[in-house]
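Step one of this worksheet: look at the structure below.
What follows draws every value from the coordinates through simple rules; no lab data is involved. Computed from a prediction, not measured in an experiment: that's the story for all the values here. Cβ sites come from the backbone with ideal geometry, for glycine too, and all protein chains shown count toward neighbours.
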Amino acid sequence: MVDIRSGDPSPSSLSFVAGLAVYSVIRSCLPGTEMILKWPNDILVSQSKVCGILLERVKDQVVVGIGVNVAVTPEVEGRILTSLAAEGANIDAAGFLERLSVSFADFVRDWRDNGISHILSEWQKLAHPLGSTITTSDESGEKTTGEYAGLTADGALCLRKADGTLIEIRAGDISIG
């Protein structure tokens, strides 16, 4: 849980903070393994989802929910998942949580001290590359495909459609490739 202070960046940007914190810990457990941050709130290891992040604001606090498959790979229809254990990591849930609490506190401090633009820049270095093919769907289920064109100053995904139109996506799930 993060107490929101006057002068803090947008609370919604804490999903990027959490992503960086989790990525850092997973990277220490799986050095050399393929990993990317997937907008807006997932981490992929070996092209499979290992972590999801959710935020909920309650008055002047943000509850940050982080789900990491540490020991077991659940089966979820329509999803390709993995776990840290399946990828060869030697860590239990308690050890992961201990490392994550330190990492998260460090990234929250960075978020407060250096602002959202710094966090988004660091996030982008670890995310799906610019130019990646991205597909998203709106509330009605209509799919839109284009090239990933980066993030806005507040973290929305920029998608360049085939006709050159640039659209901003502020919520939803994407698929890469």
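Here is how the numbers come out for the structure above:
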read-out	value
Förster radius 41 Å - calculated FRET efficiency between E139 and A71, Cβ distance, rounded to 0.05	0.70
Within the chain, helix-based [θ] at 222 nm, where runs of 4 or more DSSP H residues each add -39,500 (n - 2.57), nearest 500	-10000 deg cm²/dmol
Computed FRET value (nearest 0.05) for V63 with A162, which takes r as the C-beta separation and R₀ as 41 Å	0.55
Distance in nm between pseudo-label sites at E56 and V102 (7 Å out along the Cβ direction from Cα)	3.0 nm
Value of relative contact order over the stretch 133-176, rounded to a whole percent, pairs C-alpha under 8 Å and six or more apart	37 percent
I176/D113 FRET efficiency (R0 25 Å; Cβ-Cβ; nearest 0.05)	0.20
Nearby aspartates and glutamates by direct alpha-carbon distance to K59 (threshold 13 angstrom, same-chain neighbours under 8 apart not counted)	D3
For S6, net neighbour charge (Lys/Arg +1, Asp/Glu -1) across residues whose Cβ lies under 13 Å away	-1
Relative contact order for the chain, counting Cα pairs under 8 Å that sit 6 or more residues apart, in percent	20 percent
